[in-house]
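K.L.:
To start, I am sharing the structure in question, which I have written as structure tokens.
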């Protein structure tokens, strides 16, 4: 059995995963703060709890940031106020089995490639559309990483004009395609009522709200630009959309695919499929458990 831990924006989710990718048992803890020492203590307690019940042969941890050294002793997560933290060393003093630490979007990409809607493919791309936009890429069966620990496709600049991103630039993909972007765009159009989450925008879209219709089209047009850039860069066989926004995929699938098709430069080429995550919020746990397979 493997223990997968998914460190998110508000919760730490975790579970025991078997060799077929099934989550045997799972749970989560709300995190009122992200003090490094407190998170480490919680992870150790989780391991100790499950190690008494299962034969844990591997622990994997997905973090919302950069694992610069590829090991886990140089972990930086801007949204958690972590800078160059030695997570692997802190855990290995108490966890007596191999530990793998990687970016959470990479973990989700691994899960979908091994067990989900990208299974059987060697060249895959995953975009997590949530508060921000994360990304994971597998080319030739190998995870794409860099000296910073992973790719940051959410910060590819696709427009000169737009909202300022948290990274400081203007025009990043995530300022058009994240849940945050959808909420902000709708509220900027609406001078009377406001929405507090992206699900409300998609609900209003279903009910024929004009501003929601404009917002979803705006979102799809920009997401299509991002996907075309992926096609032109390394021609993935499958592009998988994950994260909270992806749950509305059946509503915007046709609009998105039409926007992508308008932008292809060679209609004789067979482009990769665009699919929704099959594993939903379990992808982070499953992929974390199997990070070692792509190290």
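K.L.:
Step by step: first the residues of region 187-208, then only those that are in contact with a helix residue (DSSP H, G or I) (Cβ under 8 Å, 6 or more places away or on another chain) and not in a helix (DSSP H, G or I), then the one that is surrounded by the fewest Cβ atoms within 10 Å (Cβ to Cβ). Which residue is that?
P.N.:
196
K.L.:
Against the definition (in the same structural domain as residue 159 (by TED's automatic domain parsing), modelled with pLDDT of 95 or more and assigned to a strand (DSSP E or B)), how does residue 239 come out, yes or no?
P.N.:
For residue 239, the condition - in the same structural domain as residue 159 (by TED's automatic domain parsing), modelled with pLDDT of 95 or more and assigned to a strand (DSSP E or B) - is met.
K.L.:
Take residue 72 and decide whether it is touching a strand residue (DSSP E or B) at 6+ places or on another chain (Cβ under 9 Å), surrounded by 21 or more Cβ atoms within 10 Å (Cβ to Cβ) and at positive phi.
P.N.:
yes
K.L.:
Being in contact with a helix residue (DSSP H, G or I) (Cβ under 7 Å, 6 or more places away or on another chain) and assigned to a strand (DSSP E or B) is the filter here; which residues of region 73-111 pass it?
P.N.:
75, 82, 85, 99, 100, 101, 102
A quick yes/no check of all residues on (1) outside any helix (DSSP H, G or I); (2) closer than 22 Å to residue 130 by Cβ; (3) touching a strand residue (DSSP E or B) at 6+ places or on another chain (Cβ under 6 Å):
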| position | (1), (2), (3) |
| --- | --- |
| 224 | no, yes, no |
| 265 | yes, no, no |
| 274 | yes, yes, yes |
| 285 | no, yes, yes |
| 288 | no, yes, yes |
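K.L.:
Out of all the residues in region 1-30, which are closer than 25 Å to residue 83 by Cβ, part of a loop (DSSP other than H, G, I, E, B), in contact (Cβ under 8 Å) with a residue 24 or more places away in the chain and in contact with a strand residue (DSSP E or B) (Cβ under 9 Å, 6 or more places away or on another chain)?
P.N.:
Scanning region 1-30 gives a single hit, 8.
K.L.:
Can I ask one more? Since residue 281 meets every condition but one in (1) in a loop (DSSP other than H, G, I, E, B); (2) touching a residue at least 40 places away in the same chain (Cβ under 8 Å), which condition does it not meet?
P.N.:
That leaves (1) as the condition not met.
K.L.:
For the condition within 20 Å of residue 284 (Cβ to Cβ), under 19 Å from the mean Cα position of the chain (by Cα), outside the structural domain of residue 26 (by TED's automatic domain parsing) and assigned to a strand (DSSP E or B), what is the one hit in 61, 138?
P.N.:
Going through 61, 138 in turn, just one is within 20 Å of residue 284 (Cβ to Cβ), under 19 Å from the mean Cα position of the chain (by Cα), outside the structural domain of residue 26 (by TED's automatic domain parsing) and assigned to a strand (DSSP E or B): 138.
K.L.:
Hey, among the residues in region 31-58 that are over 22 Å from residue 130 (Cβ atoms), free of Cβ contacts under 8 Å to residues at least 40 places away in the same chain and part of a loop (DSSP other than H, G, I, E, B), which one's nearest to the chain's Cα centre (by Cα)?
P.N.:
Only one residue tops the list, namely 35.
K.L.:
OK, next. Would you mind finding the one in 162, 149 that is under 15 Å from the mean Cα position of the chain (by Cα), on the phi > 0 side of the Ramachandran plot and either at pLDDT below 95 or not assigned by TED's automatic domain parsing to the domain that holds residue 69 (or both)?
P.N.:
Going through 162, 149 in turn, the sole match is 149.
K.L.:
In region 85-134, how many are closer than 27 Å to residue 275 by Cα and out of contact with any strand residue (DSSP E or B) (no Cβ under 8 Å at 6 or more places or on another chain)?
P.N.:
Count: 8.
The values are calculated or read from the model by the stated rules, or taken from the named source; none is laboratory data. Predicted model only: the values in this text are computed from it and were never measured. Note that we place each Cβ from the backbone using ideal geometry, even for glycine, and neighbour counts take in every protein chain shown.
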